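The block underneath contains the structure these notes are about, expressed in structure tokens.
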Amino acid sequence: MSPPLPSPLLCPVCSAPLVAAEKTYGCANGHPFNIAKEGYINLLLSHQRKSKNPGDDADMVMARRRFFDSGAFAPLSNLLCGLAIFNRPEALSVLDCGCGEGHLLGALSEAHDGFFLGADISKKAVQVASRRHKQATWIVANGMRELPIADASMDVVISILAPRNMAEFNRILKPDGTLLIGVPGPNHLAELRQQLQFSSGDFKEKADEAAAKCAPYFIETQREQLAYGTVLSREQIADLIQMTPIFWRSGPEAKAAVMQLDELAITISVTLLAMNRPG
Ligand SMILES: C[S@@+](CC[C@H](N)C(=O)[O-])C[C@H]1O[C@@H](n2cnc3c(N)ncnc32)[C@H](O)[C@@H]1O
Ligand SMILES: [Zn+2]
């Protein structure tokens with residue numbers, strides 16, 4: 001085991017370093033933040049959110065949790081944990097921004113030595129993540145605003161199927177740090193989109209578009225294309241629709257018909273892009 005890495009957390013009020021005490025985190029200027037009973041810290045200030053409960057709601061979080069638990073995303077979790085950037089002798093500091101219910105960062109924290117920090121704007125998601133995965137640190141924070149994380153403190157920042165803020169990722173990554181982005185790959189959930197008469201392109205260009213948006217901070221250094229077929233049960237279909245808000249916009253009749261299917265063979269396709277500083 002490597003020695004514990006110093007906490008990179010900052011006070012969201014004054015940006016001074018946050019230091020852990022028994023039941024709170026606090027800064028030198030006397031701003032306290034309770035450690036919730038599940039173990040997470042809420043660092044989201046009221047003016048940093050547009051609604052009372054921003055981000056994924058409880059139903060979406062629990063649907064995503066059940067979908068992950070069913071094993072449908074296991075190849076994604078396995079691919080992530082096996083990436084060479086995590087297989088290094090030294091302990092790494094890793095932020096998962098938009099971590100959701102924490103399955104992917106939780107798996108990484110169990111497979112590798114290091115400091116693992118999950119951030120999500122959804123309090124419910126962070127609650128659920130911190131209840132299960134005790135090796136990682138979990139915070140409620142808005143990844144689209146200033147993150148309460150020190151400059152040049154992280155070796156890896158992960159953003160999988162979540163909103164991205166390049167300027168902040170650039171600020172908090174170490175000079176040789178890696179940004180790992182996950183976007184829908186070609187034909188992701190194509191069969192479900194077809195059943196729901198939902199046309200939203202085939203995601204062929206998504207990875208190239210995402211890579212282009214990382215400029216000028218980062219350039220693509222590695223691309224992993226994951227695609228596999230799986231047969232979803234009725235429960236998995238319902239969870240997938242629940243956790244994917246774009247499907248809520250599909251016609252009620254098409255949605256009702258899909259919910260009646262006993263099973264559906266679908267394609268799951270995710271492209272992972274590793275990005276580094278140019279030069
Ligand atoms: C599609 S889910 C992906 C969750 C996780 N990365 C995964 O792959 O399972 C998107 C997540 O981004 C979170 N999110 C949305 N806006 C956010 C923001 N401004 N800051 C942090 N998280 C945000 C949502 O609450 C949700 O948990
Ligand atoms: Zn402070």
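Any read-out appearing in this document is the output of simple, stated calculations on the displayed coordinates, not a laboratory observation. Here the structure is a predicted model, which is why all the values come from computation and not from measurement. Every residue, glycine among them, receives a Cβ derived from its backbone with ideal geometry; neighbour counts consider all protein chains shown.
General remarks:
- Bridging of LYS124 to aspartates and glutamates at a Cα separation below 19 Å is possible for GLU38, ASP56, ASP57, ASP59, ASP69, ASP96, GLU101, ASP239, once same-chain residues fewer than 8 apart are set aside.
- Sorting the segments 91-104, 130-143, 159-172 by their mean number of nearby beta carbons within 10 angstrom, highest to lowest, gives 91-104, 130-143, 159-172.
- Global geometry of the chain, whether rounded, prolate or oblate, following the gyration tensor of its Cα atoms and the 1.5 cut on a/c: prolate
- Of LYS52/LYS204; LYS37/LYS174; LYS206/LYS255; LYS37/LYS255, those spanning more than 28 Å from alpha-carbon to alpha-carbon: LYS52/LYS204; LYS37/LYS174; LYS37/LYS255
- Rounded to whole Hz, the Karplus (6.51, -1.76, 1.60) HN-Hα couplings of the range 222-230, x for glycine and proline: 7, 10, 10, 9, 10, 8, 8, x, 8
- J(HN,Hα) series, the range 168-178, from Karplus relation 6.51 cos²θ - 1.76 cosθ + 1.60, nearest Hz, glycine and proline x: 6, 4, 5, 5, 8, 6, 4, x, 9, x, 10
- FRET efficiency for SER51 and PHE198, using Cβ-Cβ distance with R0 set to 25 Å, rounded to 0.05: 0.45
- Rounded, prolate or oblate (a/c below 1.5 giving rounded, otherwise prolate when a/b exceeds b/c) for the range 19-142 by Cα gyration tensor: oblate
- Gained length - ASP59 relative to ILE35, 0.36 nm times residue gap less alpha-carbon distance: 6.2 nm
- Sorting 224-236, 145-157 by their mean Cβ neighbour count within 10 Å, with the most densely packed peptide first, gives 145-157, 224-236.
- ³J(HN,Hα) computed for each position of the range 243-255 - Karplus, 6.51 cos²θ - 1.76 cosθ + 1.60, integer Hz, glycine/proline x: 8, 10, x, 4, 6, 5, 7, 6, x, x, 5, 4, 5
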